Ligand code: RB5
């Protein structure tokens, strides 16, 4: 297992799954930081997406995992943070490709649409698959260039 720190976050809909993913990562010896939420009381997913994105932007954590009901709100919100490349993933194979081709650094998942077994399988692929580089690096660089084009 890589020597990286993974930052976690969820809203109320993703809380239980986030807790389970945290347990899984800890049993694998992965360092985690949990930015909340801390219970199933209703809360707003952008708050936790921002907290996780900021850890990625500053380099304090190398990968992030966010869980909400669909994974969609988390992905939209965290992708606003510079340096974040988030993908909302429902299948392990897509997790592998998101790492290999897109160098995705944040995984988002929808707790209302996948079960825990699938979420763990997706997480396992995401954290263990390296970026393939090569022709994909040029394309990811183009994504970064788009981000720079719109930065102040
Ligand atoms: C909360 O009900 C839900 O909207 C949220 O978890 C997420 O699915 C948003 O994208």
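Using a Debye calculation, one point per C-alpha and no hydration shell, please list log10 I(q)/I(0) for segment 16-58 at q = 0.34 Å⁻¹ in order.
Those come out to -1.16, one per q.
Could you tell me the relative contact order of the chain? Use alpha-carbon pairs under 8 Å, at least six residues apart, and round to a whole percent.
On the way: 301 pairs, mean separation 34.9, N = 152.
Computed over the chain, the figure is 23 percent.
Cα gyration tensor of segment 78-129, axes a ≥ b ≥ c as square roots of the eigenvalues: rounded (a/c below 1.5), prolate (a/b > b/c) or oblate? It would help to have the intermediate numbers written out before the result.
Working: a/c = 2.44, a/b = 1.35, b/c = 1.80.
Oblate is the answer for segment 78-129, as a/c is 1.5 or above yet b/c matches or exceeds a/b.
Checking the a/c ratio against 1.5 first, then a/b against b/c, what shape does the Cα gyration tensor give for segment 1-99?
Here segment 1-99 falls in the rounded category.
Could you give the nm distance between label points at residue 143 and residue 27, where each point is 7 Å from its Cα heading toward the beta carbon?
Label at residue 143, label at residue 27, 3.0 nm between them.
For segment 54-152, what size does the Cα cloud have along each of its three principal axes, sorted from largest down, in whole Å?
Taking the Cα atoms of segment 54-152, the three principal extents are 39, 28, 22 Å.
Hey, what's the Cα Rg ratio for segment 102-152 versus the globular rule of thumb, 2.2 N^0.38 Å?
My calculation over the Cα atoms of segment 102-152 gives 1.50.
Per residue of the chain, what 222 nm ellipticity follows from adding -39500 (n - 2.57) for every DSSP H run with n ≥ 4, rounded to the nearest 500?
Helix contribution divided over all residues of the chain: -14000 deg cm²/dmol.
What nm distance separates the two modelled labels at residue 90 and residue 112, each placed 7 Å from Cα along Cα→Cβ?
1.4 nm
Where a number appears in this text, it was derived from the coordinates with a stated rule and is not lab data. Note that the structure is a prediction, hence the values are computed from the model and not measured. With ideal geometry, Cβ positions are generated from the backbone for all residues, glycine too; neighbour counts draw on all protein chains shown.
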